[in-house]
Amino acid sequence: MVRPAQTARSERTREALRQAALVRFLAQGVEDTSAEQIAADAGVSLRTFYRHFSSKHELLFADYTGLHWFRGALDARPVDEPVIDSVQAAVFAFPYDVEAVTKIAALRGGDLDQGRIVRHIRDVQADLAGAIEEQLRRRSGAAVGTPDAALRVTVTARCIAAAVFGAMEAWMVGEERSLGELARITHVALESLRGGVSGTWVTAVSS
């Protein structure tokens, strides 16, 4: 089991690598930046770099990888709150600097081929869906007792995750990349589900 101190140290290392990569990427571009440079700038070994990230390109998605911040924010929401409302609130507990995130979004759109972007987005979307599904199961307890009920939870979680990432993708390629615009289009995306996805975890599980 990973102890809290180890977890905190690991998160500090990941953040140091993320910040070092952002500085390098903005200064000289993604392709002209090496993993060795990023590791050196962050004050860690190349081996440590690869313990946290599989490639330098993964660092362009490091603001989403793991989603510890999202899981924690979701856990803090009231258990009787509609899950869509909980997810929307949790999304905006995002701990990173908005200006830096906007720059990263621009780098993703400009320096990566579409196939690589799609693969990373799918991986992160799956992580988000997993976090939402865990939350639904935690809130429902014994109510997810049949295959059909479990399937409803899985489908609900994946639909919500798809809506959030649909909004994020639109935001990343749009002209307006302010936090306010991200909030607006995320709200629109999630509200579009409300008629088809039950408004509360109780009906999502038992209906």
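Residue separation times 0.36 nm, minus the C-alpha to C-alpha distance between residue 138 and residue 170: what's the value?
Numbers: separation 32, 0.36 × 32 = 11.52 nm, distance 3.09 nm.
Gain in length upon complete extension: 8.4 nm.
Full-extension gain between residue 192 and residue 28, please, as 0.36 nm times their residue separation minus the C-alpha to C-alpha distance.
On the way: separation 164, 0.36 × 164 = 59.04 nm, distance 4.03 nm.
Value of the extension gain: 55.0 nm.
By average Cβ neighbour count within 10 Å, what is the ranking of 17-25, 79-87, 29-37 from highest down? Kindly include the intermediate steps, with their values, before the conclusion.
Details: 17-25: 21.2, 79-87: 19.3, 29-37: 14.4.
Per-residue mean Cβ counts within 10 Å order the peptides as 17-25, 79-87, 29-37.
Once you put a point 7 Å from the Cα of residue 68 and another 7 Å from the Cα of residue 45, both along the Cβ direction, what distance in nm separates them?
2.1
Only the coordinates and a few stated rules stand behind these numbers; no lab work does. This is a predicted model, so every value here is computed, not measured. So basically every Cβ, Gly included, is an ideal-geometry build from the backbone, and we count neighbours across all protein chains shown.
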